[in-house]
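Comments concern the structure below.
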Amino acid sequence: MNSKIISEIFFSRFKKMPQKIERCVMGIGNYVYIIKCDDIKYIIRCSEDNDAYKNTICLLKKLSALDIPVPKVLFCGQYQKCSYIILNYIEGKDIGLVYRDLTEVEKREIAKNVINIQRKVLRMPLENIDEAWSWENFVDDMLERADKLILRNGYFDSQKVERLKKQKIFLKEYFSAIKPVAYLDDISTKNLLIHNGRISGVIDIDWIGIGDDLTFIALTYVALLNMNCKTDYVDYLLKERGCDASEMKAFCFYSLLYCVDFMGERGTQFGDKKISVSDEIIKRLDRIYEMLWKKWREQIVEAE
């Protein structure tokens with residue numbers, strides 16, 4: 001993918017050449033560009049997979065109908081060997097990029113609005129749910145993915161995943177009670193746009209989570225720890241959502257789950273991007289894991 005192809009895609013729809021093309025550094029599954037033409041900005045997302053955005057378009061329509069601030073689809077199609085989608089541009093930056101500048105009041109308000117968004121998504125009907133669906137299968141898939149990547153890349157001790165697998169027994173009843181309901185599973189430190197201290201949009205929705213919405217808060221927690229940031233925003237999310245003792249235990253487990261997922265991704269190649277890894281990153285994630293493991297064991301002792 002290159003700027004020439006992006007220009008040609010844009011011209012095929014607008015009959016104008018863009019003034020500026022800028023590739024976004026975020027995202028590992030697509031090529032994402034900000035296009036400027038006549039002082040108006042657009043987003044073009046491209047993929048080498050055929051018909052890559054069929055699901056995205058369907059989800060954006062459903063979420064928009066729920067009054068969730070998602071981009072509008074302007075055009076979509078195929079160009080040469082790639083699929084593309086053109087969206088309106090929403091002003092704002094990923095929350096992770098502005099997090100350190102947010103006030104406590106702004107974080108509280110953002111957390112409140114994020115939980116309200118999740119409650120709206122919860123009402124979205126799901127179609128074609130596999131009869132064999134189970135939440136435990138999702139957890140197992142996450143653990144196996146982390147195990148495979150950690151073993152392949154060789155930067156972390158795979159025993160961290162093995163001992164986490166053994167802890168599932170403490171949540172067996174909890175997992176079996178999780179129903180297949182919709183939630184946004186990837187609005188952590190990315191994909192949630194903030195402008196002037198408020199939510200301006202939710203982006204990069206190619207799929208939707210099905211199951212326990214606590215995972216998005218756990219993912220946010222681990223992402224903030226990995227950024228060496230205060231995690232008060234996570235406290236506000238948990239308080240706004242409301243969690244009983246069993247849910248807090250699950251939250252601790254999910255945090256460990258995403259920690260080993262982060263470990264597995266380090267050094268992994270996704271398309272033309274490789275997730276960075278260094279001694280500092282390795283030490284930090286190992287330290288986060290041990291802190292989370294201690295919290296998890298404390299939860300188990302309290303439960304007993």
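The values are calculated or read from the model by the stated rules, or taken from the named source; none is laboratory data. Just so it is clear, the model here is predicted, and its values are computed rather than measured. Here the Cβ is made from the backbone with ideal geometry for all residues, glycine too, and neighbour counts use every protein chain on show. The area values use the complete protein model at the heavy-atom level, side chains included, leaving out ligands, DNA and RNA. Shrake-Rupley method; radii C 1.70, N 1.55, O 1.52, S 1.80 Å.
Observations
- Filter result (touching a helix residue (DSSP H, G or I) at 6+ places or on another chain (Cβ under 9 Å) and farther than 25 Å from residue 114 by Cβ) within region 39-76: 42, 44, 46, 74, 75, 76
- Condition check for residue 209: free of Cβ contacts under 8 Å to residues at least 40 places away in the same chain and open to solvent by less than 40 Å² (accessible area, probe 1.4 Å): yes
- Screening region 267-281 for residues that are open to solvent by 50 Å² or more (accessible area, probe 1.4 Å) and part of a loop (DSSP other than H, G, I, E, B) and picking the one that is modelled with the highest pLDDT gives 276.
- Test: residue 197 is over 17 Å from the mean Cα position of the chain (by Cα) and open to solvent by 20 Å² or more (accessible area, probe 1.4 Å): no
- Among (1) touching a helix residue (DSSP H, G or I) at 6+ places or on another chain (Cβ under 6 Å); (2) open to solvent by 30 Å² or more (accessible area, probe 1.4 Å); (3) within 16 Å of residue 191 (Cα to Cα) - the single one residue 79 does not satisfy: (3)
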